[in-house]
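The values are calculated or read from the model by the stated rules, or taken from the named source; none is laboratory data. Just so we're clear, the structure is a prediction, and the values are computed from it rather than from any experiment. Cβ placement follows ideal geometry from the backbone for every residue including glycine, while neighbour counts extend to all protein chains displayed. Side chains are part of the model used for accessible areas, which takes the heavy atoms of the whole protein and leaves out ligands, DNA and RNA. Shrake-Rupley method; radii C 1.70, N 1.55, O 1.52, S 1.80 Å.
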Amino acid sequence: MIQINNLKKSFGLNEVLKGIDLTIAKSEVVVIMGPSGSGKSTLLRCLNFLEEPSDGIIRIGEFQVDIDGKLDRRRKKEIRELRKITGFVFQSFNLFPHKTAIENVMEGPIIIHGTKLDEARNIAQDLLIKVGLGDRCNHYPAQLSGGQQQRVAIARSLALNPVVMLYDEPTSALDPELVKEVLQVIKDLAKEGMTMVIVTHEMNFAKEVADRVIFMDNGVIVEQGTSDEIFLKPKEARTRQFLSIVE
Ligand code: ADP
Ligand code: MG
């Protein structure tokens, strides 16, 4: 479903991703952990070109972008296509404040897929019901709790029918009592077979949901394995040290 080869990203002289190789299967749930500044967000953002990678090849579904290639019309089109099929959920929700929940969810299908208003409304309503917000369709973001806003954000991403969902610390801006409802929505999607890459520090959640846990440090994948392999018997000293701090 996703294949990344030798993905590199520098900001000026600072090389933040140092040649990441990663293959993710359909329906696989991958959790990425690692210390602050290790490049987790940059990796996720490069995957859907919120950041322009410096080098490498990214293939998602049937679309492939070779960073070496010229940034010509064809490649710009490839990047647009690749964006359409990846859902991205931010730490900070990023809803349109002047639009209601349902309008936030309808926006993508209308603008990007050219879906008709009535149909977009139906799609959005179904998705809001799915994330447990059927009774909040006409609320504005400011009238919703953080957990509810994040669930709207998830519904908004799902509205584009992505082949993969990318989450960058989806619960770290939430009050503790609101974390569970967001994680539950993500767990439900995992059960349905959604392919997902999730950056999170929630270890118990990772244990429950992850098919694979990746530990990143300093721009490289230090080690990866099942949650048992990473949490119970990590091979690398850097992983052990990180786990001893977050636990
Ligand atoms: P993480 O998500 O693991 O905390 P990030 O991917 O956000 O790490 O950041 C990795 C490194 O890249 C950090 O040193 C950070 O300062 C740098 N960085 C991230 N985004 C930018 C940017 N837009 N411009 C310059 N440096 C950046
Ligand atoms: Mg980050």
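Can you tell me which residue is most open to solvent (accessible area, probe 1.4 Å) among those in region 196-247 that are assigned to a strand (DSSP E or B) and without any contact (Cβ under 8 Å) to a residue 24 or more places away in the chain?
We begin by selecting, within region 196-247, every residue assigned to a strand (DSSP E or B); these are 196-199, 212-217, 220-225.
Narrowing the set further to residues that are without any contact (Cβ under 8 Å) to a residue 24 or more places away in the chain leaves 223-225.
Details: Glu223: 22, Gln224: 79, Gly225: 9 Å².
Among residues in region 196-247 that are assigned to a strand (DSSP E or B) and without any contact (Cβ under 8 Å) to a residue 24 or more places away in the chain, the one most open to solvent (accessible area, probe 1.4 Å) is Gln224.
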Expected output for region 58-79 (first residue touching a residue at least 40 places away in the same chain (Cβ under 8 Å) and assigned to a helix (DSSP H, G or I), partner open to solvent by 100 Å² or more (accessible area, probe 1.4 Å) and among the hydroxyl-bearing types (Ser, Thr, Tyr), Cβ below 7 Å, 6+ apart or cross-chain) is none
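Looking at Asp21, Asp55, Asp66 in this structure, which one is modelled with pLDDT of 95 or more and among the acidic types (Asp, Glu)? Before the answer, list the steps.
Working: Asp55 fails: modelled with pLDDT of 95 or more; Asp66 fails: modelled with pLDDT of 95 or more.
Among Asp21, Asp55, Asp66, only Asp21 is modelled with pLDDT of 95 or more and among the acidic types (Asp, Glu).
Tell me which residues, restricted to region 17-41, are among the hydroxyl-bearing types (Ser, Thr, Tyr) and either under 21 Å from Glu236 (Cβ atoms) or open to solvent by less than 10 Å² (accessible area, probe 1.4 Å) (or both). Don't jump to the end; show me each part of the working.
Step one: of region 17-41, the residues among the hydroxyl-bearing types (Ser, Thr, Tyr) are 23, 27, 36, 38, 41.
Thr23, Ser36, Ser38 - these are the residues of region 17-41 that are among the hydroxyl-bearing types (Ser, Thr, Tyr) and either under 21 Å from Glu236 (Cβ atoms) or open to solvent by less than 10 Å² (accessible area, probe 1.4 Å) (or both).
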Given (1) within 16 Å of ligand 1 (Cβ to nearest atom); (2) open to solvent by less than 40 Å² (accessible area, probe 1.4 Å), Asn14 misses just (2)
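How many residues does region 23-36 contain that are assigned to a loop (DSSP other than H, G, I, E, B) and more than 8 Å from ligand 2 (Cβ to nearest atom)? I'd like the intermediate steps shown before the answer.
Residues of region 23-36 that are assigned to a loop (DSSP other than H, G, I, E, B), as a first pass: 25-28, 34-36.
Applying the additional criterion that residues be more than 8 Å from ligand 2 (Cβ to nearest atom) yields 25-28, 34-35.
Residues flagged as assigned to a loop (DSSP other than H, G, I, E, B) and more than 8 Å from ligand 2 (Cβ to nearest atom) within region 23-36 amount to 6.
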Of the conditions (1) on the phi < 0 side of the Ramachandran plot; (2) surrounded by 15 or more Cβ atoms within 10 Å (Cβ to Cβ), the single one that Gly134 does not satisfy is (2)
**Prompt:** Does any residue of region 49-68 turn out to be within 15 Å of ligand 2 (Cβ to nearest atom) and surrounded by fewer than 15 Cβ atoms within 10 Å (Cβ to Cβ)?
**Reply:** no
